[in-house]
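Here's the structure we're looking at; comments come further down.
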Amino acid sequence: TGSVSAVGAMTSGSVSVTLQGQTLDVPVTVKPPMLGGVTLGLSLIAPGGVTQGIVSLQQPAGETGLDVLLTSDIPGIVVPMSVHVDAGQTDVAFSINIASGCPAGPYQIKASTDTDCICIDVSVLAATLQKLEFSPALVLSGQEMLLQIELSHPAPAGGLTVGLQSSD
C-alpha cells in the first residue's frame with residue numbers, strides 16, 4: 001500500500017517493486033484534482049454589472065496549487081484568463097464584469113484544466129424602459145415636445161431601437 005500526493009498537472013512516472021531479486025516497473029499517471037463546480041453570485045446580470053464566481057475542486061490542490069483557465073463565449077463577459085487554487089485549498093474566487101455594451105442573451109463561462117472542463121450559464125439582461133417623460137406635458141396642435149427615455153442600463157453597442165406609437 002502506498003499513497004500519492006495531489007499534483008498541479010498530469011504527471012507520469014513509474015513504481016518499482018522488487019521481490020526476491022526480481023524488479024517490476026509499473027507505469028503510473030497521477031491526475032490533478034478534478035473540478036467540482038463553478039458557482040456565480042448572480043446568474044442574471046445587467047450590462048455594466050459585476051458578480052463573483054467561485055471555482056471549486058473535488059479534492060484539495062497539490063503542493064504547487066492548480067491553475068484553472070477561464071473563458072467566456074463573448075468578449076462582453078470579462079473574466080480573468082486564469083485563477084490559481086493555492087496548495088491545500090479547494091476553491092478560489094474571481095470577478096466577472098459585464099461590459100456596458102454587452103448584448104442581452106444567454107452565454108457560458110468555461111473553467112478548464114489539463115484534464116477537466118466545466119461550463120456554467122450566465123444571462124445578460126436586456127435593457128428595459130424605466131422612464132418616459134414628455135416636456136412640456138401639454139402642447140397645442142403643431143407644437144413640438146421633447147421626449148425623454150430612460151433605460152434600466154446603457155444600451156448595447158450599436159444602440160437600441162425604441163418603437164413609438166401615438167393615439168388620438
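The values are calculated or read from the model by the stated rules, or taken from the named source; none is laboratory data. Fair warning: this is a prediction, and the values are worked out from it, not measured in the lab. Every residue, glycine as well, gets a Cβ built from its backbone with ideal geometry; the counts of neighbours run over all protein chains shown. Accessible surface areas use protein heavy atoms only, side chains included; no ligands, DNA or RNA. Shrake-Rupley method; radii C 1.70, N 1.55, O 1.52, S 1.80 Å.
Determine the distance separating the Cα centre of the range 101-168 from the Cα centre of the range 56-96; give it in Å without decimals.
Here the answer is 32 Å between Cα centres.
Using amide H atoms built 1.01 Å from N in the peptide plane, name the residues 5+ places from Ala46, or on other chains, whose amide H lies under 5 Å from its own.
Under 5 Å from the amide H of Ala46: Leu125.
Find the all-direction average of the projected area of the Cα convex hull for the range 53-168, expressing the result in square nanometres with one decimal place. Please list the in-between numbers first.
Values: hull surface 40.0 nm².
One quarter of the hull surface, i.e. the mean projection, equals 10.0 nm².
Please report, in debye to the nearest 20, how large the charge dipole of the range 60-168 is about its Cα centre when each Lys and Arg carries +1 at its beta carbon and each Asp and Glu carries -1 there.
Working: 2 positive and 12 negative charges, 72 e Å.
Charge dipole, the range 60-168, about its Cα centre: 340 debye, nearest 20.
Summarise the accessible area of the chain (1.4 Å probe, protein heavy atoms) by the percent that is carbon and sulfur.
Values: 5810 of 10910 Å².
Heavy-atom surface of the chain belonging to carbon and sulfur, 1.4 Å probe: 53 percent.
Counting only heavy atoms of the protein chains, get the accessible area per residue of the chain (1.4 Å probe) and round it to a whole Å² value. Spell out each step's value before the answer.
Details: 10910 Å² over 168 residues.
Here the residues of the chain average 65 Å² of exposed surface.
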